[in-house]
Structure formats: C-alpha cells, structure tokens
Amino acid sequence: MNVITICAILKAKPGQEEQLRDELIKLIEPSRAEKGCIQYKLHKSHEKEDTYVFYESWADENAIIAHVNTEHYQAYQKNIETIIDSMDVYHLESIET
C-alpha cells in the first residue's frame, strides 16, 4: 500500500477564525467515513490563533481524488472562499530509514 499523507495549513482572514473552524469541523466525520481514509485529524495552532492544520492519511492517490470530488468537500471549498486568507497543501510520502 502506497499511503499518502497530506498536511494542509489553513489561515483564516481576520475575524473569521471561528467560522473557518466550524467549516473545517464539518469535514471530519464524512471524510473519515470515505473509502481509503486512514486518518483525518484537525489541529489548531498554539502560536497563531488564525491557523489550522489538517493531517490526513489516504490509501492512495485515487482515494484523494475521490475525496476532493465528494459533495461535502465541494461544499466546504465554496463555503470558505470568503473567509480564508491562505491555504498550503503538501502531499507527503514517508521516508523510511
């Protein structure tokens, strides 16, 4: 199995921190129920009140493609358009030593 880890770092616009948090929380349950989802965890930065991080693991690239095409993910993308300041997404693979 070629597990892919995603680290998504999202920053809310000033005053939109709670709204972004609410939209991110809506993604957790349906995403965890998707085929190919191994891990789906949301984190909040201690240092920056406006910054959230998703740490996800997916079985393969097909699972990620299916995820971004789900109804709940598409709704999330639309809902955050006006409240998000930035989003950096990294697709990672483990380096075994």
| task | At a Cα cut-off below 19 Å, give the aspartates and glutamates reachable from Lys13, other chains included and same-chain residues fewer than 8 away excluded. | result | Asp22, Glu23, Glu47, Glu49, Asp50, Glu81, Asp85, Asp88
| said: Around Tyr52, under 15 Å between beta carbons, what's the net of Lys plus Arg minus Asp minus Glu among the other residues? | reply: -3
| Using DSSP loop states and a limit of at most 13 other Cβ atoms within 10 Å to flag trypsin sites (Lys or Arg not before Pro), what is the longest stretch of the chain containing no flagged site? | 49-97
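Quote the charge dipole size of the chain about the Cα centre in Debye, to the nearest 20; the model charges only the Cβ of Lys and Arg (+1) and of Asp and Glu (-1).
The dipole magnitude comes to about 160 debye.
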| Where a Cα-Cα gap under 25 Å defines reach, which lysines qualify for Lys11, not counting those fewer than 8 residues away within the same chain? | Lys26, Lys41, Lys44, Lys48, Lys78
| Dividing the alpha-carbon Rg of the chain by 2.2 N^0.38 Å yields what? | 1.08
| query | In deg cm²/dmol and to the nearest 500, what is the mean residue ellipticity at 222 nm of the chain if only DSSP H runs of at least 4 residues count, each as -39500 (n - 2.57), divided by the residue total? | reply | -10500 deg cm²/dmol
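The numbers here are math on the coordinates, done by the rules we state, and not lab data. If you're wondering where the values come from, they're calculated on a predicted model, not measured in any experiment. FYI the Cβ positions are ideal-geometry reconstructions off the backbone, even for glycines, and counts take in every protein chain you see.
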